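Asker: Next up is a structure, given as structure tokens.
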Amino acid sequence: MNKTPVLFVLVFLTAWTPNVNATDLVLVSGGKSDARILVSPSAEAWEKKAAGDLAFYIEQMTGVSIPVIDKRPAMDAALERGTPLLIVGEEALRLEETLRNTLGTVLKKNPCLRADGIVLKREGNRVYLAGSNGPSHYYAVAELLRRWGCRWYMPTDFGACIPERKDLAVGALDYVYAPPFEMRSYWISWLGDNTGRADFQARNMMTGRGNMPPTGHALGQYTKGLGKDTFNFPITAPETAVHVAKQLEADYAEGKPLSLGMEDGAYDSDYPGDQALMKLQWDKYFMRWSVTDPMLELYNNVARILRRKHPDSPSRIGFLAYANMTLPPVRDMTAAASLYCDLAPIDIDPIHGMDDPRSPSRREYRDIMYAWAKVMEGRLVIYDYDQGMLVWRDIPNPSHQAFRQDVRHYRRAGILGVNTESRNAVATTFLNLYLRARLLWNPDEDVDALLAEFYPRFYGPTATPMKAYWSAIYRAWEDTLCTEHEYFVIPAIYTPRVMAELQANLEEAEEIVQYLRDRKEGLSPREAMLLRRMTFTRIGYDILDAYVTMVRAAATEVDYGKAVTAGERGLCARDAMTALGGIFTTTKLEGDDTPWWPGEVQQYRDLLRLTDGTRGTLVKKLPLAWAFHRDPDRTGLEKGYPGNPVDLTYWKDHGDEYGTARLKDYPADQWEMLRTDLYAQAQGIRHADGQSFTGDLWYRCEVELTPEEAAGAVHVRFPGVFNECWLYLNGEETGHREQGKLYWLNDYHFDWDVDLSGKLKAGVNTLTLRCNCEHHYGGMFRRPFLYRETGR
């Protein structure tokens, strides 16, 4: 027990002991300092904040308070004395005039929004810290603090890692840098907690929207009265542009920023000109014709009308490339100079990067992005989503594995930057926003190096098992073939093997800090924070473990009592996570029904009543694995799939040769076996080119029943099945379920009940399920069962 505290001290001290050279400018030594921070008497808010935070964090590191001087006589006196000076912002640019020219060599030429850049330079006893604008003055200070080891991994003090230092110095310093992106931002949606966001963004060199015009849903107010409704009006009719421009004109003339962002839905039009343009391309993601060509024509026409009337107006007009306007135009089009676009690829694989060969849809998005960048002549911002799994369960959802690839394409395309919709739910996003901030500042940042330095800074003596813990999570996401989003992917990513690895790593880490928990009193602030971080990690694991246990019990074992117990345990753990602070979860928008976690637990309660004698009794669990046949051309009905014998010879001889990654190459004319507790694509059912499978999915099983089991009011329940479906019993169609083509337009129960009363026979019965998969998710994802109604 004596060795562990020593390890703890060594980790936290040796990591931050600086090497002070004879030529360094010593700011703090032996608990003393005669250094000063200078900032202009006329400094604006960003400069004042920069100087104040510089002093604050120097004191946090060393325990020594360095005065901030912003009165001219005192500043002049300090400049004459020759003591160490940290000179911030405009005062640095005033005293060292060459810095402006130095900055000018790296700043983006002809920026649309704002050109950020920083310069850090030491001359003798003076350290100059300045930028190209107010926020950049702050970024210069943040850069120096980073060089001293300060990190802000998440908002609030929970994510702050500030080293302890006995001495503090500045060596040779001559650094100038400008990021490639003018916008490096995120905002908090879903009623998430904004605590600490502003400071976190500033300390990680992030921006707000700045001069980017709004792009929020607004078009409907300007097209009201035209056409059938908000989503169907004559888009390219000349009178439509005139109508819209007239309503915008007063604000445009005053130079106000404007939004013509489409409303939150898919558009259509009966206008003949629009029909012709829409049919230039089919949007497979939204299962309808694209409105990009007509909509961009409308925007251009509105912009030209307004520019012609008010040629000197600086007004900018924002719009969204979203829903069925996500695809770029087919025609060779260029957006008017006053137009700015947010590209929001809401339904494209959020897991993989643009260069990942396992994701054709992500590579398609790469081409979409480059095309839009050309159309907009660079006036393009990516409106992406982090967490990308939109309806989720407060479990880790890393994104850096994709973003580290994508950000280099964004730089190459010359776009303005990225504005992320986040929820600040740290239990889900963890390091995502920090790593995005670093990559948006410098796309060449080494993510592996950032992660390597994170673990000892954040987890101290538990760094090794915690690195193994989070690395296992990151590998699970990097290795998955899933390209879909939302919580249905969880059992495909967080497999029993991954969960076992996480549990072992966490228990190893907890053993290291057990002596601190045993002590309870007299903990230092750093020790208390370490325990808080370990509590966060433990609760996060408990949430994850409860959820995957719940899903396995329901989807695989048809044990709804166990599923409800696990689900309730998970919701209690999530409440405990929320109690740690508002930044950790986002549940304020949730209701008690699906698609939310409480609603999923309620669904299992309802299913339990069908099997425990309340409303029904369980007759038989249907097989976990069914014979399965792909039918991309939808010819299975005429080929007799519902009733003809199933030939599994090829599967028995060669099935072992096809792992999940290779299953896309399985012969489409052969039967195979597929589980019913996970949707088809997650098990490797894809087209040969890697695209998510679309077409018919055929499942077949045989179930043997006694006369008693077959008798009475017996139903088959499919507790989790996507798509429009047909059920065949002993070769005859006995049920049909309609379903919306886009999975998110359905009720999220995704269950189907078919009454088989009087249709089953004693002996062997053949059940055949046909699923018409037209979009992402396909087939069953919860094991079906037979039950008998009790009449209650």
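Asker: Going through 436, 404, 412 one at a time, which residue ends up being more than 25 Å from residue 480 (Cα to Cα) and open to solvent by 10 Å² or more (accessible area, probe 1.4 Å)?
Answerer: 412
Asker: Within the bounds of the range 312-319, is there any residue that is under 23 Å from the mean Cα position of the chain (by Cα) and under 30 Å from residue 430 (Cα atoms)?
Answerer: Checked against the condition, which is being under 23 Å from the mean Cα position of the chain (by Cα) and under 30 Å from residue 430 (Cα atoms), the range 312-319 yields no hits at all.
Asker: Further question: Considering only the range 643-669, state which residues are without any contact (Cβ under 8 Å) to a residue 60 or more places away in the chain, assigned to a loop (DSSP other than H, G, I, E, B) and among the hydroxyl-bearing types (Ser, Thr, Tyr).
Answerer: Hits for the range 643-669 are 658, 666.
Asker: Can I ask one more? Pick out the one residue from 501, 600 that is open to solvent by less than 20 Å² (accessible area, probe 1.4 Å), on the phi < 0 side of the Ramachandran plot, touching a Phe, Trp or Tyr at 6+ places or on another chain (Cβ under 9 Å) and acidic (Asp, Glu).
Answerer: 600
Asker: Residues that are under 21 Å from residue 611 (Cα atoms) and either touching an Asp or Glu at 6+ places or on another chain (Cβ under 7 Å) or open to solvent by 50 Å² or more (accessible area, probe 1.4 Å) (or both): which strands (runs of 3 or more DSSP E) entirely in the range 699-772 hold 1 or more of them?
Answerer: So the answer is 714-718, 752-755.
Asker: Yes or no: residue 519 surrounded by fewer than 20 Cβ atoms within 10 Å (Cβ to Cβ), of a type outside the set (A, V, I, L, M, F, W, C), at negative phi and in contact (Cβ under 8 Å) with a residue 24 or more places away in the chain?
Answerer: Judged against the criteria, residue 519 is not a match.
Asker: For residue 157, only one of the following conditions fails: (1) more than 27 Å from residue 529 (Cα to Cα); (2) charged (D, E, K, R); (3) surrounded by fewer than 18 Cβ atoms within 10 Å (Cβ to Cβ). What is its number?
Answerer: Among (1) more than 27 Å from residue 529 (Cα to Cα); (2) charged (D, E, K, R); (3) surrounded by fewer than 18 Cβ atoms within 10 Å (Cβ to Cβ), the lone unmet condition for residue 157 is (1).
Asker: Further, regarding this structure: So which residues in the range 541-561 are under 18 Å from residue 787 (Cβ atoms) and aromatic (Phe, Trp, Tyr)?
Answerer: 560
Asker: Pairs only if they're at least six apart or on different chains, beta carbon under 9 angstrom, first in the range 604-630 and over 21 Å from residue 564 (Cβ atoms) and of a type in the set (A, V, I, L, M), second assigned to a helix (DSSP H, G or I) and open to solvent by 50 Å² or more (accessible area, probe 1.4 Å); list them, first residue then second.
Answerer: 627/651
Asker: Please work out which residue is farthest from residue 34 (Cα to Cα), limiting yourself to the range 79-109 and to residues that are exposed (fewer than 14 other Cβ atoms within 10 Å of the Cβ) and either in contact with a Lys or Arg (Cβ under 6 Å, 6 or more places away or on another chain) or among the acidic types (Asp, Glu) (or both).
Answerer: Selected residue: 97.
Asker: Could you check the range 391-427 and list, in sequence order, the residues that are more than 26 Å from residue 211 (Cα to Cα), touching a residue at least 60 places away in the same chain (Cβ under 8 Å) and out of contact with any helix residue (DSSP H, G or I) (no Cβ under 8 Å at 6 or more places or on another chain)?
Answerer: 425 - this is the single residue of the range 391-427 that is more than 26 Å from residue 211 (Cα to Cα), touching a residue at least 60 places away in the same chain (Cβ under 8 Å) and out of contact with any helix residue (DSSP H, G or I) (no Cβ under 8 Å at 6 or more places or on another chain).
Asker: Mind counting the residues in the range 618-676 that are of a type in the set (Val, Ile, Thr) and surrounded by 16 or more Cβ atoms within 10 Å (Cβ to Cβ)?
Answerer: 3
Asker: Hey, among the residues in the range 379-395 that are open to solvent by 10 Å² or more (accessible area, probe 1.4 Å) and at pLDDT 95 or above, which one's farthest from residue 596 (Cα to Cα)?
Answerer: So the residue we want is 379.
The values are calculated or read from the model by the stated rules, or taken from the named source; none is laboratory data. Quick caveat: nothing in here was measured; it's all calculated off a predicted structure. All Cβ positions, even for glycine, are placed from backbone atoms using ideal geometry, and neighbour counts span all protein chains on display. We work out accessible area using only protein heavy atoms, side chains counted, and drop any ligands, DNA or RNA first. Shrake-Rupley method; radii C 1.70, N 1.55, O 1.52, S 1.80 Å.
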